[in-house]
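What follows is a single structure, written as structure tokens, with notes after it.
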Amino acid sequence: MFAKYFCVFANADAILPGMDDWNDHRIVLAVVRAGGLKGAAGILGVDHSTVFRRLTALEGRIGLPLFERGPGGAYVPTEAGARAAAVAERMEDEALGLARDLAGLDRRLSGRLRVTCSETLAFRLLTPWISRFRARHPGIVIELAVDSRLLDLSRREADVALRVARPQENDLWGRKLADVAWAAYGGAEYLAAAPPLTGPADLASHPLIGWEEGTVGVNAARWLAEMAPAAAVVYRTGSLVNQMVAARSGVGLALLPCYLGDPEPGLVRALPDPIADLSRELWIVTHRDLRNTARVRAFFDTVADGVQADRALVEGRASPSGSTPTGSGGAVGEAPWTGSSTEGRS
């Protein structure tokens, strides 16, 4: 099973004479990725002078320059540097693959599990689910990376991710949990004094809360830009939690996931129904090599239970008071996929 890993590392010295230490390969790869010593030092967790000293010593041992020094501290790989980085990347990929393979054999309900999700999911939904998970599995330590970026699961930046779009990567495995509804919200006092809205087009006649200019990859931000002129946006922030607070305070109207806006005291929907164009899919995913890891499977099950309990809230069918309206959610399905997607941020 692991012969391919032994082959890669056994032949490393023959491919790059003089680079007989994995740390040599890591330095070259970090400098290529960062484009300079400062960024490479941050990647490696060392200081700038250490990277410079090790790189200079390495170039001296192999007798070839690996980088050309450019203006502004830029480091551009030479042909030798590019080849060295390519070999280092293959070695890194194999090492990560080995780590995933070994983790996939782990049947223990103990150890560390690194999870990533967006700010709003962590704020409103995931933390209570983690509490229930910890009660069931006290031997597992959760590390939660709250990040709007899509962390790379193949590089073990996280073991499990909650995403609001069907993932693009073909090496991932998981399940769709629910459809996520979005609606327009405002402060109760503001909306009580304002003319009633009859449809999404009326949003443009109100002060709006939006995203920072230049935001890309956010479905709701794009929709708002198409529906209302920029002059209507009176407050901009990349934080949906802060948008919620601003709307509750009367700054203007905001587009929010219903699971975030509906339970918030003092915040009400500006329109009674969710906006269909803003609906997203909620997925839980892991790398396919980790799908049989006991910690991962247990976390999948706990999150599926949490979504089932909160399905009406997630799908915009729960009243602001927290009571459950008519209608019922179906069972949470599970399926691997090889599809593609265009956006992964909410």
Inset, instruction - Would you mind telling me which numbered condition in (1) at pLDDT 90 or above; (2) over 22 Å from the mean Cα position of the chain (by Cα); (3) of a type outside the set (Lys, Arg) Phe123 fails? - result: (2)
Inset, instruction - Within the stretch 182-192, track down each residue that is open to solvent by less than 10 Å² (accessible area, probe 1.4 Å) and hydrophobic (A, V, I, L, M, F, W, C). - result: Trp182, Ala183, Ala184
Inset, instruction - State whether the residues of the stretch 103-111 include one that is within 30 Å of Glu89 (Cα to Cα), touching an Asp or Glu at 6+ places or on another chain (Cβ under 9 Å) and part of a loop (DSSP other than H, G, I, E, B). - result: no
Legend entry - Every residue from the stretch 141-158 that is at pLDDT 95 or above and either of a type in the set (D, E, K, R) or assigned to a helix (DSSP H, G or I) (or both): Glu143
Inset, instruction - State whether the residues of the stretch 104-118 include one that is at pLDDT 85 or above, open to solvent by 40 Å² or more (accessible area, probe 1.4 Å), more than 13 Å from the chain's Cα centre (by Cα) and of a type in the set (D, E, K, R). - result: yes
Inset, instruction - Please verify whether the stretch 179-193 includes one or more residues that are of a type outside the set (Ser, Thr, Tyr) and free of Cβ contacts under 8 Å to residues at least 12 places away in the same chain. - result: yes
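The values are calculated or read from the model by the stated rules, or taken from the named source; none is laboratory data. This structure is a prediction, so every number in the text was calculated from the model and none was measured. Ideal geometry is used to build each Cβ from the backbone, glycine not excepted, and the neighbour counts take in all protein chains shown. Ligands, DNA and RNA are stripped out before the accessible areas are found, and what is left, the full protein with its side chains, is counted by its heavy atoms. Shrake-Rupley method; radii C 1.70, N 1.55, O 1.52, S 1.80 Å.
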